[in-house]
Every structure is written in C-alpha cells, then in structure tokens.
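Student: Quick one: structure below, then a few questions.
The values are calculated or read from the model by the stated rules, or taken from the named source; none is laboratory data. Owing to the predicted nature of the structure, the values given are computational and were not obtained by experimental measurement. Ideal geometry is used to build each Cβ from the backbone, glycine not excepted, and the neighbour counts take in all protein chains shown. The area values use the complete protein model at the heavy-atom level, side chains included, leaving out ligands, DNA and RNA. Shrake-Rupley method; radii C 1.70, N 1.55, O 1.52, S 1.80 Å.
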Amino acid sequence: MTGCALEGDDGADGVAGSQGETGTNGQDGADANAGIELSLVGRIQLNEDDPEGAAEIVQYHAATNTIYAINSAAAEPTVEVIDATSITDEAVSNPLTANNMTSNALVLPTTQEGIDLENPTSVAISGDLMAIAVPADDKATNGFVLFYNGLNENAPAFMKAVEVGNLPDMVTFTPDGSKALVANEGEPSGDYNIDPEGSVSVITITDNAPADTAIAIDFRAFNSQQAALEAQGMHFPNPTGEIINGTLIDISVAQDLEPEYITATNEVAYVSLQENNGLAIIDLSDYSVEIIGLGFKDWSPYQLDGMEDGTVSFGQYQDVYGMYQPDTIASFTWKNATFIVTANEGDAREYFFDTLNADGEQDEDLCDAAGGVDFDDDDGCLSYTDETQARRLDYASGSNLDTIAGDDPEDDDFTSYPLGRLTVTSALGDDDQDGEYEAIYAYGARSFTIWDNNGLVVFDSGDDFERITASIHGDTFNNNNDENEGDSRSANKGPEPEALTVGVVGDKTYAFIGLERMGGIFVYDITNPYNAEFVDYVINRDITEGGDLIGDSAPEGMVFVDAQSSPTDKALFIVGNEVSGTVSVWQIAED
C-alpha cells in the first residue's frame, strides 16, 4: 500500500538467531534420507513479456498428458493448454530457464446471458469434463462455471455455462465426478456499499452432463451465532456501524463469510473460510452445514522472526498468536477416517474505493468526506482494514507486549522492540475492551496443519518453514516473490504457505506445500497424520540479493499426478507459479 499511513517504517533489531549457510541458487538436490528423490523434469514460461499472473491454478488431464492452467495475464480470458507428452524422467539441465513444453490458448467467452465476465479464477477436471470458474465484472452480479468436454480428443469444446454465486473463486469435483463444487467468495465492493453473501454452489453431473442450475448453499442460519463462532476462535473483522460513502454499514455473518477453497469426499465437502479463520463442513447428502472455528496458534514454544532487519533474528515470545487462516486445503484418509491438510497463509481485510475529483484524480479530501480511514495516491480511499502493526496498539505500561511490541522509536532500533513492526489485527487481543491489548494476533501460522474431521489439530509444522529456510538460505530467507531482498517478509506473514497438494507414492502419503513468497516447496510424509515428518525442501529460484527474478516464483496452485497417469511413469506434482508466470513439473521417484 504505497504511501499509505498504515505502512510502517522498516523496523528494529532483536537478538539475532543462528544462521545457516546461504543455500545455492536454483534447483536443490534430493535429501539422501528422504525415501524419495525430487527432480524438475518440465517447465514452461508463459507470457514472456508480461508473465505475472500467467500461471495460477493448474489441473492435469491424464488421458492426454495435458496440463491446464489459468492465465490471468493474457489479453483475453484464457486457459492455457500445455502439452506434457514431451516430458521424460530425466531432469532438465537448465532448471531456472528450461522451456521444454508447448502451450496453446483456450480463449473463454467474455459474456454470458448479457453479463460481462472477468478473468477465470479456477479450473477443475474430472474425466472428459472441465469446469472453469469465472466471476462477473459487476460486484453485485453472480458468476458462472463454464463447462467443456472433448478433452479426451485434445479438443476442449464449450458445453454450457451454469450460474453460481457471487465471485466464484474455486471449483472442484467430488472424487466420483458426480458433483462440481464452487466456493463463492462474495467479496464486498471497495466502499462496502455492495456486500454479497458468501456461498457454496453444487452442480450435479449426470452421464458427463452438468445440470442447468446449481444448488445454492448459504450461511444465513449462522447470522445469530457470531458470538458463539468467535468463542470457537473465528474472526469477523468488518466496518459494521460505520458510514462509508453515505451508507450505514451493517454486515451479517453470511455476508462476512468468504469461502476460499474446497476439498471433498463423495459424501462431505470441507470449505476453508480464510479471512474468518474457520472451516465449513457440508453434508452432501442433505446439504446441511456445520462451521468450526480453527482457533489460534500459540507462538511461545516456537522461534519467530518478526523483524525485517536484514538478518535471521529469531526469538520466542509470550502473548503472541497466529490465526491459521488457511488458503488451499486438501484431504486424505487414515484408518478410514478423513483428515484435512491446510496451508496457513493468512489474509487481512483491506478494501479501497475511488474518490475522483473533476480532473479524474484520486482526491484525499473527498476520501475524508466519504468516511475513508486512510488515503493512498495509487489505490485511492481505504474504506476498512483490520491490519496494523503491533507498535500502533496500546499496551499496559511495563507489560510483556509493551516491552517487545511497544511504540518503537523512528531510528529503526529493532533490538528495543523486536515485534514492533509485526503485522497484526486490531480486531483481536483487547479482551476486556479497555483500549489496552493483552495479546497480539498475526495473520497466518507460517505452517501447514493436519486436522481431524472434528476440527482438532493433529499436527502442525510449527516453525519448520522459517528455521529450515534460514538454515539453507541464511539472510536471504523470507524473501518476497517479486524482488530479491532477503528478510523482507519477516514482519508480514513470513514465507506465506499457500499452494498445497497431497498424493500417494508407493505406500506413503505425502503433503507438498508451496511458499508463496520464498518460492520453495516443502515435502512431508503424512502417512500417519499423528507422526508426520519433514522429508525434503526444494526451490527453483535464483535468490541472489538484488539480482533479477530468475526461475519459479510464487507457487499459487499445485496438483499431484500418480505414477499410472504420468508420462514418465513416476509420480509428479505440477505447480503454477503466479509471479514468474511459469508452470513447473517435479518428478517424485522412490529411492
């Protein structure tokens, strides 16, 4: 948020943690004790002149060895159709720049039923059927899922569009292909004068043909239960009670809930409610809904670097918590029970709207008059955010938080207040509502978590992601995804785990977790969810300080391919890298 007063200065040094040696750039080798060997066997660069957004969500069609990838950087709404038949089981010799696959653009319709459409947000494949989620251009209007068949002949053909809820952000099929499930995020307009309800749509599939209409599942039954959901560890930040752009804002629970991602069995759908730190569980036999709060991660047992001082600066702190706020989720079974796996990215609410003067320029005075809480020359008028820095909150004098996160001086003395610049929510932590905070709550948990189907934590990777990347990369850990500047994300969600997939190799089940900021990928053996183990870490990015962005950056979507469906006869995982605009294919071979 350039120029916005909510952005703090770079903050101040704490006690430096131990540093590992700087890792080598490019593709990491395999862990000799991992039990599996990872190698990059395929890669393609899309939109070379303007790659950001050219590769996001990816899917794989096994019968034709074809990868489908959402391309939001194309001039027209596009899904890339990538031929993976050329991939062999040999690792590419030039992993940072390899380009050994070819692609064709599947251009999507720009209107449906007279409604202008935006770029696609998600794609899913089941057999010969492909579903593509596309929002409407108008915030108040429902989006669509576009269905295509003909994949088996390498000739995707448009079948029909089915109207779903507002802002369809993710689509998936049940394992048996009998239903397409859609997470409709329903985000508000920038000034909150339009705030659609979040919802889930279910489209039944019969004989490979989708129904003409979707079943809508909403959350209105929970409108009277906000206090009970908050007591479970959910989060409802919004500007209810404020007047913005002439409108008194009053937001219900159903409006505030924003479904982000879905994983499903044939009987049950699990839906991440990212900004609200919750999980919705939908019984697909009767469409009844249960909502579970995910609670908070206590950081006190773990190492945390909350400073952007250019070095590895770990510390352990009391009264500091993380909201899990998962983005991508997946599921697997163990002893016939379902377990949920989440990538705990974290996400704040932050919405801007235009306040244009007669010259067509953003006007700060008009923003003030419209009830904006801040102004940015580029983004316009900030209507609401719960995001702040820990130093901007008030604490009891002499308390632990006053000591570690108080109002630090402007001379970048990080050592005095090691968590002063940590990005936190202002909506949690003042339990007695006296204006002084007893705890601080950061966005995301910098980890991945395994949950049972009751919403209880079975395993959390704790501080692994940062400790391991700090050991490998030294001061260049917690890099951002659009420039090579080490330690530039430590105060704000750290490595940001976002992409996730789960798959079986041999007799073991593995979780693959992509770090949106750092760009690396972690692998864990989760065969027994109560005894999950770190297996390996790979990265295909040159992180030379101050250097050009080379390789794969910002894994956004990921899909697992079993050995039987792979062109190399070995299991794969495929990654859509948003900032670099690349699709990368990693082979998983058993040692």
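Student: Ignoring ligands, DNA and RNA, what percent of the 1.4 Å accessible area of segment 103-206 is carbon and sulfur?
Tutor: In segment 103-206, the share of accessible area belonging to carbon and sulfur is 41 percent.
Student: What's the magnitude of the charge dipole for segment 154-270 around its Cα centre, counting Lys and Arg as +1 and Asp and Glu as -1 at the beta-carbon? Answer in Debye, nearest 20.
Tutor: Computed charge dipole of segment 154-270: roughly 320 debye.
Student: If you don't mind, another one. Please list log₁₀ I(q)/I(0) at q = 0.08, 0.10, 0.13 Å⁻¹ for segment 441-591, using the Debye equation with identical point scatterers on the alpha-carbon positions.
Tutor: Results for segment 441-591 at q = 0.08, 0.10, 0.13 Å⁻¹ read -0.22, -0.35, -0.59.
Student: Express in whole angstrom the spacing between the alpha-carbon centres of segment 157-177 and segment 210-258.
Tutor: Centre-to-centre distance over Cα atoms comes out at 23 Å.
Student: Run the accessible area of segment 466-591 with a 1.4 Å probe and give the carbon-and-sulfur part as a rounded percent.
Tutor: 38 percent
Student: Moving on. With every protein chain present, what is the per residue accessible area of segment 195-307 (1.4 Å probe, Å²)?
Tutor: Each residue of segment 195-307 exposes 38 Å² on average to a 1.4 Å probe.
Student: On a straight-distance basis, which aspartates and glutamates could pair with residue 335 in a cross-link, Cα separation under 19 angstrom, same-chain partners fewer than 8 positions away excluded?
Tutor: Answer for residue 335, where 19 Å is the Cα cut-off: 267, 452, 507, 525, 533, listed by chain and number.
Student: Another question, if that's okay. Taking the solvent-accessible surface of protein heavy atoms with a 1.4 Å probe, what is the per residue accessible area of segment 499-591 in Å²?
Tutor: Result: 29 Å² per residue.
Student: Here's something else I'd like to know. Counting only Cα atoms, I'd like the Rg/Rh figure for the chain, Kirkwood definition for Rh.
Tutor: A ratio of 0.95.
Student: Once you compute Rg and the Kirkwood Rh from C-alpha atoms, what is the Rg to Rh ratio for segment 503-546?
Tutor: Radius of gyration relative to Kirkwood radius: 1.11.
Student: So what are the three principal axis dimensions of segment 181-268 from its Cα atoms, in whole Å, longest to shortest?
Tutor: 51, 30, 19
Student: Something else about it: Take the alpha-carbon centre of segment 288-363, take the same for segment 544-564, and report the distance between them in whole Å.
Tutor: 21 Å
Student: Set Lys and Arg Cβ to +1 and Asp and Glu Cβ to -1, take the dipole of segment 442-487 about its Cα centre, and tell me which of 478, 454, 444 lies farthest positive.
Tutor: 454
Student: Which of the lysines could a cross-linker span from residue 139 if the Cα-Cα distance has to be under 29 Å and same-chain partners fewer than 8 positions apart are dropped?
Tutor: Excluding near neighbours in sequence, the set is 160, 179, 493.
Student: If we sort 225-237, 137-149, 90-102 on the protection proxy, mean other Cβ atoms within 10 Å, highest first, what's the order?
Tutor: My ranking of the peptides, most packed first, is 137-149, 225-237, 90-102.
Student: Sorted by mean Cβ packing within 10 Å, highest first, what order do the peptides 508-517, 532-541 take?
Tutor: The most tightly packed comes first, giving 508-517, 532-541.
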